[in-house]
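Written out below as structure tokens is the structure these notes cover.
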């Protein structure tokens, strides 16, 4: 082959490699996003644990992105209303969704005709927080500790009531009752706020929900903390024991919150959101604010997030069936 052709061929190959590198770089670099406000769908009413989590993080992301991250509360139907709306949104990064673990793991086994698939209809971005649940009692319950509660419930099966919100909370309550060898009458509410109202009115003796709503009520003497289902004591409630400390380690099962987009969210946008979330969740002031509410900032990337969904689903299926939990 003549030398001039060899030089031409080498040049073309070099140009091809350069173009390939440029294309690859364009595909993996962060896009020009966002250029307008972002909608963050929360599947609960304002004022609860999920809402507090979203608003703390959204404020930081708004500052970081220069675009308003607007929290949109869509409560109801065990988080299904919000999930369906998020799944139907355009996969352009301008609609994000904050599911809890039961949205992605428990609902598929406990809810008849679930209108979404946790893995097919969403793009996982990251887990963002761990949320312990706390067992509380009111003045109509003659128990000041979890040990006293268990003793009374064993002495008088189904004489007392326990309220909770979403099906994931019911699962935690039923698992506790099974492990503790007690049986109370479970009362399902639409939201954590309704559980609190039921406790304060005396409609139920005890309840199970996220921590944020309760510390002021504990301080005022209107409700009593009994125990949390976290792996370790909560910094804002250092005197409240965990179920594990009481010999009920199998009942330790804090909820977690995550962030997802609709299926088909472009990889560069997902990566940018995930990377920025990781940095934001490491900020000391944000971690302190969340910690004061009993929340733990806890970033888990997309790959491990998917593994978490699959592993918890494998455990939840038999448990939901064994406990007989079913939602129409």
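Bear in mind these aren't lab numbers, they're just calculated from the coordinates by the rules spelled out. Source: prediction; values computed, not measured. Cβ atoms come from the backbone with ideal geometry, glycine included; neighbour counts cover every protein chain shown.
Of 180, 297, 258, the residue with the greatest mean-square motion in the GNM of the chain, using alpha carbon springs below 10 Å, is 180.
Computed from Cα atoms alone, the Kirkwood hydrodynamic radius reported for segment 248-328 is 15.4 Å.
Distance from the alpha carbon centroid of segment 250-284 to that of segment 53-72 works out to 13 angstrom. The order of the peptides 138-151, 48-61 by mean Cβ neighbours within 10 Å, most packed first, is 48-61, 138-151. Cα convex hull, segment 81-146: 152 Å³ per residue, rounded to a whole number.
Checking (1) 36, 20, 18; (2) 46, 20, 17; (3) 36, 25, 17 against semi-axes √(5λ) of the Cα gyration tensor in Å calculated from these atoms, the matching label is (2). In degrees between 0 and 90, to the nearest 10, how far off the longest principal axis of the chain does helix 302-323 point, with axes built from Cα atoms? Rounded to the nearest ten degrees, it is 30. Here the simple spin-label model places points 7 Å from the Cα toward Cβ, and for residue 314 and residue 90 these points are separated by 3.9 nm. In a fully extended conformation the segment linking residue 145 and residue 249 would gain 35.7 nm over its present Cα-Cα distance, using 0.36 nm per residue. Mean separation of Cα pairs under 8 Å and 6 or more residues apart, divided by the residue count, gives segment 133-251 a relative contact order of 35 percent. When every Cα-Cα distance of segment 133-251 is counted in 5 angstrom steps from zero, the calculated P(r) takes the values 2, 13, 25, 28, 22, 10, 1 percent.
Built from the Cα atoms of segment 191-253, the convex hull projects on average onto 4.5 nm², one quarter of its surface area. Taking 246, 295, 226 as the candidate residues, the one with maximal mean-square fluctuation in a Gaussian network model of the chain, Cα springs under 10 Å, is 246.
Per-residue ellipticity at 222 nm, computed for the chain from helices alone with -39500 (n - 2.57) per DSSP H run of at least four residues, works out to -13500 deg cm²/dmol.
Between residue 263 and residue 307, the distance separating the two model label sites (each 7 Å from Cα on the Cα→Cβ line) works out to 2.5 nm. List the residues of segment 269-307 whose backbone N lies under 19 Å from a point placed 7 Å from the Cα of residue 35 along the Cα-to-Cβ direction. Within reach of a label on residue 35: 269-273. Modelled spin labels at residue 81 and residue 326, positioned 7 Å past Cα toward Cβ, are 2.5 nm from each other.
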